[in-house]
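None of the figures in this text is laboratory data; all of them are computed from the coordinates on show. Given the structure is predicted, the values throughout are model-derived calculations rather than measurements. Here Cβ is always computed from backbone atoms with ideal geometry, including for glycine, and neighbour counts include all displayed protein chains.
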Amino acid sequence: MTTVHKGCLECGKLWNDRKAGREFCCTTCRLAFNNRRMKRGAEMYDLFRAMRRERDQAKLLGLWAEMCRLELRWQQEDQEQRPNRRSYMPPRKALANLRESGRLPIGDVVAKNIRAGR
């Protein structure tokens, strides 16, 4: 059975395919999408780690606000260059990818002593 896709996540091109779940029309688009994600992840990595490990300093410097500004800039770039196409994996898929690769084993305790209701 042939499926009509919503469009390539990178260029927006529509195509017919026999494979359900395919997100890119070609290897070039897949690589461009993933390279952008890696570059952005590298930019966010140090900020996130500093926020988790040096909270007092991160709060003083307003790291969370800076991370939000960075993400907003990426969103604006995406809207200009790739209108109406996301450049990130949906939350459920992102978690599934981490668990399937073994980088986030199911059941690992991330935070301890969390109060009920939070």
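Given the structure, is GLY12 exposed (fewer than 13 other Cβ atoms within 10 Å of the Cβ), in a loop (DSSP other than H, G, I, E, B) and out of contact with any helix residue (DSSP H, G or I) (no Cβ under 7 Å at 6 or more places or on another chain)?
Values: exposed (fewer than 13 other Cβ atoms within 10 Å of the Cβ): no; in a loop (DSSP other than H, G, I, E, B): yes; out of contact with any helix residue (DSSP H, G or I) (no Cβ under 7 Å at 6 or more places or on another chain): yes.
Taking the combined requirement at face value, the residue does not satisfy it.
Within the range 20-55, the set of residues being surrounded by fewer than 13 Cβ atoms within 10 Å (Cβ to Cβ) and either farther than 20 Å from ARG73 by Cα or in contact with a Lys or Arg (Cβ under 6 Å, 6 or more places away or on another chain) (or both) comprises ALA20, GLY21, THR27, THR28, LEU31, ARG49, ARG52, ARG53, ARG55. Is there any pair with a first residue in the range 10-33 that is without any contact (Cβ under 8 Å) to a residue 60 or more places away in the chain and a second that is of a type in the set (Val, Ile, Thr) and surrounded by 12 or more Cβ atoms within 10 Å (Cβ to Cβ) whose Cβ atoms are under 8 Å apart and which are 6 or more apart or on different chains, and what are they? Matching pairs, first to second residue: ASN16/THR3; ASP17/THR3; ARG18/THR3; LYS19/THR3; ALA20/THR3.
Out of the residues in the range 56-77 meeting the condition of being among the small types (Gly, Ala, Ser) and assigned to a helix (DSSP H, G or I), tell me which one is surrounded by the most Cβ atoms within 10 Å (Cβ to Cβ).
From the range 56-77, those among the small types (Gly, Ala, Ser) are 58, 62, 65; that's our starting set.
With assigned to a helix (DSSP H, G or I) added as a condition, the list becomes 58, 65.
On the way: ALA58: 19, ALA65: 9.
So the residue we want is ALA58.
Within the range 22-30, identify whether any single residue is aromatic (Phe, Trp, Tyr) and in contact with a Phe, Trp or Tyr (Cβ under 7 Å, 6 or more places away or on another chain), and answer yes or no. Yes: the range 22-30 contains one or more residues that are aromatic (Phe, Trp, Tyr) and in contact with a Phe, Trp or Tyr (Cβ under 7 Å, 6 or more places away or on another chain).
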